[in-house]
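Here is the structure we will look at, set down as structure tokens.
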Amino acid sequence: MDPFADPVADPFEIARDAAAEIARRTGVEQHEIALVLGSGWGGTTAALGEIVAEIPAHEVPGFSKPAVHGHGGTLTSVRVGETGAHALVIAARTHFYEDRGVRAVAHGVRTAAECGARTVILTNGCGGLDPTWSTGTVVLISDHINLTGASPLEGATFVDLTDLYSSRLRELAHEVDPSLPEGVYVQFRGPHYETPAEVAMAGIMGGHLVGMSTSLEAIAARHAGLEVLGISLVTNPAAGISPAALSHEEVIAAGQAARDRIGTLLAGITERIIA
Ligand code: 8IG
């Protein structure tokens, strides 16, 4: 039974239950940072450090079995590099298009906050609008345009989204790799990819990346008091940017080809943030 199917259940209480279960199963009292791994990023966990415990996500309140091939379905506690700090790696994202509602979409970052995290790194695979961004290009998210028409927040919850994608954390990421470009992420509902006309619209609006995640989670994370870093892996040129059709297989292959490089990058950034 999906706890988010009950309209009177408190989503923040479900996040507290999830955090308690994670602490019990991992033996780790506090996870100082959380990472949400999107398409293409699934192979990067081991690069972050020593794996302390790996939990099937559906055994933790509010998380479900993965809906998509290439999305892991695990929650992993990692001791980061040579530090004593722990990262919670969430390879169990719920997308808005899965129709479990915004509470399920926000659950990962709310659980991270309840686990003691101060920072969340949101990663994704996405389409790129810049034709010079070849498959495998990593882009720091500087801002977003949320085209889902939804919010993870309910009622009169007014949250400031200025500097949502922390300029401080982007500077730290640039210390690890000064060459990383930045771009505006445009979240569509999906699950279909865009038409070329929609991609052209995203560009006119000021977007550089198109995807189906991250924006709603970033809003929920800010509301939960987390500092947010967003990192995109361009797994395909957005529709109409290249003459080729889009496929999910292409996305998975791009992630596999980039695995070691993006694992090293993610580990470097995570250590820099914790230090
Ligand atoms: I991976 O081109 C991946 N996810 N909306 N568009 C959208 N989502 C994506 C894309 C893309 N590539």
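Restricting attention to the stretch 239-265, which residues are away from the ligand (no atom under 14 Å from the Cβ) and without any contact (Cβ under 8 Å) to a residue 60 or more places away in the chain? Walk me through it before giving the result.
To start, the set of residues in the stretch 239-265 that are away from the ligand (no atom under 14 Å from the Cβ) comprises 243, 259-261, 263-265.
Listed by number, the list holds a single entry, Pro243.
On the given criteria, is Arg79 open to solvent by 20 Å² or more (accessible area, probe 1.4 Å) and either farther than 24 Å from Val176 by Cβ or part of a strand (DSSP E or B) (or both)? Full working, then the answer.
Details: open to solvent by 20 Å² or more (accessible area, probe 1.4 Å): yes; either farther than 24 Å from Val176 by Cβ or part of a strand (DSSP E or B) (or both): yes.
Yes; evaluated as a whole, the condition is true for this residue.
Tell me which of these Asn236 doesn't satisfy, since it passes every other one: (1) in contact (Cβ under 8 Å) with a residue 60 or more places away in the chain; (2) over 19 Å from Trp133 (Cα atoms).
All conditions pass for Asn236, except number (2).
For the stretch 151-178, which residues satisfy the criterion of being open to solvent by 40 Å² or more (accessible area, probe 1.4 Å) and hydrophobic (A, V, I, L, M, F, W, C)? Give the derivation first.
First, pick out the residues of the stretch 151-178 that are open to solvent by 40 Å² or more (accessible area, probe 1.4 Å): 151, 154-163, 167-168, 171, 174-178.
Across the stretch 151-178, the qualifying residues are Ala156, Phe158, Val159, Leu161, Val176.
Within the stretch 34-73, restricting attention to residues that are buried (at least 21 other Cβ atoms within 10 Å of the Cβ) and among the hydroxyl-bearing types (Ser, Thr, Tyr), which residue is modelled with the lowest pLDDT?
Looking at residues that are buried (at least 21 other Cβ atoms within 10 Å of the Cβ) and among the hydroxyl-bearing types (Ser, Thr, Tyr), I get Ser39.
Only residues that are open to solvent by 10 Å² or more (accessible area, probe 1.4 Å) and more than 13 Å from the ligand (Cβ to nearest atom): list them for the stretch 179-199, please. Let's see the steps before the verdict.
Step one: filter the stretch 179-199 for residues open to solvent by 10 Å² or more (accessible area, probe 1.4 Å), giving 179-182, 184, 188-189, 191-198.
Selection gives Ser179, Leu180, Pro181, Glu182, Val184, Ala197.
Just one of His223, His208 is of a type outside the set (D, E, K, R), within 18 Å of His107 (Cβ to Cβ), at pLDDT 95 or above and open to solvent by 60 Å² or more (accessible area, probe 1.4 Å); which is it? Talk me through it step by step, then tell me what you get.
On the way: His208 fails: within 18 Å of His107 (Cβ to Cβ).
On inspection, the qualifying residue turns out to be His223.
Could you tell me which of the residues Ala19, Ala5 is open to solvent by less than 60 Å² (accessible area, probe 1.4 Å) and either out of contact with any Leu (no Cβ under 8 Å at 6 or more places or on another chain) or without any contact (Cβ under 8 Å) to a residue 24 or more places away in the chain (or both)? Before the answer, list the steps.
Values: Ala5 fails: open to solvent by less than 60 Å² (accessible area, probe 1.4 Å).
Selected residue: Ala19, the only one of Ala19, Ala5 that is open to solvent by less than 60 Å² (accessible area, probe 1.4 Å) and either out of contact with any Leu (no Cβ under 8 Å at 6 or more places or on another chain) or without any contact (Cβ under 8 Å) to a residue 24 or more places away in the chain (or both).
Look at the stretch 82-137 and say how many of its residues are within 13 Å of the ligand (Cβ to nearest atom), open to solvent by 10 Å² or more (accessible area, probe 1.4 Å) and among the hydrophobic types (A, V, I, L, M, F, W, C).
Summing the residues that are within 13 Å of the ligand (Cβ to nearest atom), open to solvent by 10 Å² or more (accessible area, probe 1.4 Å) and among the hydrophobic types (A, V, I, L, M, F, W, C) in the stretch 82-137 gives 3.
Restrict the check to the stretch 202-215 and report whether at least one residue is assigned to a helix (DSSP H, G or I), among the small types (Gly, Ala, Ser), touching a Leu at 6+ places or on another chain (Cβ under 7 Å) and more than 16 Å from the ligand (Cβ to nearest atom). Before the answer, list the steps.
We begin by selecting, within the stretch 202-215, every residue assigned to a helix (DSSP H, G or I); these are 202-204, 215.
Now narrow it down to the ones that are among the small types (Gly, Ala, Ser): 202-203, 215.
Now drop any that are not touching a Leu at 6+ places or on another chain (Cβ under 7 Å), which leaves 202-203.
Narrowing further to those that are more than 16 Å from the ligand (Cβ to nearest atom): none.
No.
Results for (1) at pLDDT below 95; (2) touching a strand residue (DSSP E or B) at 6+ places or on another chain (Cβ under 8 Å); (3) among the aromatic types (Phe, Trp, Tyr); (4) assigned to a loop (DSSP other than H, G, I, E, B), shown as yes or no for each residue.
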{"site": "Pro152", "(1), (2), (3), (4)": "no, no, no, yes"}
{"site": "Thr157", "(1), (2), (3), (4)": "yes, no, no, yes"}
{"site": "Asp160", "(1), (2), (3), (4)": "no, no, no, yes"}
{"site": "Asp163", "(1), (2), (3), (4)": "no, no, no, yes"}
{"site": "Glu171", "(1), (2), (3), (4)": "no, no, no, no"}
{"site": "Leu180", "(1), (2), (3), (4)": "no, yes, no, yes"}
{"site": "Val184", "(1), (2), (3), (4)": "no, yes, no, no"}
{"site": "Glu194", "(1), (2), (3), (4)": "no, yes, no, yes"}
{"site": "Ala200", "(1), (2), (3), (4)": "no, no, no, no"}
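Quick check: anything in the stretch 266-275 within 13 Å of the ligand (Cβ to nearest atom) and either open to solvent by 60 Å² or more (accessible area, probe 1.4 Å) or not in a loop (DSSP other than H, G, I, E, B) (or both)? Let's see the steps before the verdict.
Within the stretch 266-275, the subset within 13 Å of the ligand (Cβ to nearest atom) is none.
The answer is no; no qualifying residue exists.
When the stretch 216-250 is examined, which residues are found to be among the polar types (S, T, N, Q) and in a loop (DSSP other than H, G, I, E, B)? Steps first, please.
Of the stretch 216-250, the ones among the polar types (S, T, N, Q) are 232, 235-236, 242, 247.
The one that is among the polar types (S, T, N, Q) and in a loop (DSSP other than H, G, I, E, B): Ser247.
Working carefully through the options Glu13, Glu21, find the one that is among the acidic types (Asp, Glu), modelled with pLDDT of 95 or more, touching a strand residue (DSSP E or B) at 6+ places or on another chain (Cβ under 9 Å) and outside any loop (DSSP other than H, G, I, E, B).
Values: Glu13 fails: touching a strand residue (DSSP E or B) at 6+ places or on another chain (Cβ under 9 Å).
Residue meeting the stated conditions: Glu21.
The values are calculated or read from the model by the stated rules, or taken from the named source; none is laboratory data. As the structure is a prediction and not an experimental result, all values here were calculated from the model. Using ideal geometry, Cβ is built from the backbone for each residue, glycine included, and neighbour counts are taken over all protein chains shown. Keep in mind that these areas ignore ligands, DNA and RNA; they rest on the heavy atoms of the full protein, side chains included. Shrake-Rupley method; radii C 1.70, N 1.55, O 1.52, S 1.80 Å.
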